[in-house]
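First up is the structure itself, then whatever we jot down about it.
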Amino acid sequence: MNVKLKTSNLSNYFNVLPPGSSDVAIFVGSTSGNEWSGTLQDDGEYAVRVYLMRNAARRNETANYTLTVGITGAAVAPPAAEAAPASDAKVKGTPYHATGEVPCSQGDAPQGSAQCNFGVIRGQPGNAAVHVMPPRGFKRTLNFAGNKVSSEGDAKVEATKSGDMWSVTVNDYEHYQIPQAVISGG
């Protein structure tokens, strides 16, 4: 799916929400810009919510905008990184092999000053898709493949591993600490 917003107001953004979500977004424009491209992970209706930041809305500002949405390609099977080993049970009622909380922070907040909910879909040893839900209401997918970490779209990802802990920074703004046990189980 590709979404692009051209607007006359610099305080005009959009969020992309997955099926069944009323407030947890997989993309938040106010922190990531006005263009998004990513693979749709779940079947169902996705919502694209266009909004003005509170400061602009309070001043009764308006925005003239064009929203372009496109979906291309065919449904595909999950990549090998998300193909679950038969021995890894799922958390009942979810697609995840494990859920919990990990230390996280945003912006200039001290590393690990908050806790983010997560769900992990494990693949081959060392491979996993970790869906992290920070308190501000969006979902970030961190894809672990061996010693490499990536995220959806054109997100800038920096990751280091010290002992059994991954420190991951996305777009110089989001900071996550992911234990190796989340990725490989145990």
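Brief remarks on what is shown
- Two-decimal Rg/Rh across segment 2-70, once Rg and the Kirkwood Rh are taken from alpha-carbon atoms: 0.98
- For the chain, the mean projected area of the C-alpha convex hull, equal to one quarter of the hull surface, is 11.5 nm².
- Between Ser30 and Arg54, the simple label model (points 7 Å from Cα in the Cβ direction) yields a spacing of 0.7 nm.
- Where the Cα pairs of segment 97-186 fall when distances are cut into 5 Å bins, in %: 3, 15, 29, 29, 18, 6, 1
- Calculated FRET efficiency for the pair Ser184/Thr72, C-beta based, R₀ 35 Å, to 0.05: 0.55
- For the chain, the relative contact order comes to 18 percent (Cα pairs under 8 Å, sequence separation of at least 6).
- Förster radius 22 Å - calculated FRET efficiency between Lys148 and Tyr173, Cβ distance, rounded to 0.05: 0.60
Since every read-out is calculated from the coordinates, none of them should be taken as a lab result. Because the structure is a prediction, the values reported are computed rather than measured. Cβ: placed from backbone, ideal geometry, glycine included. Neighbour counts: every protein chain shown.
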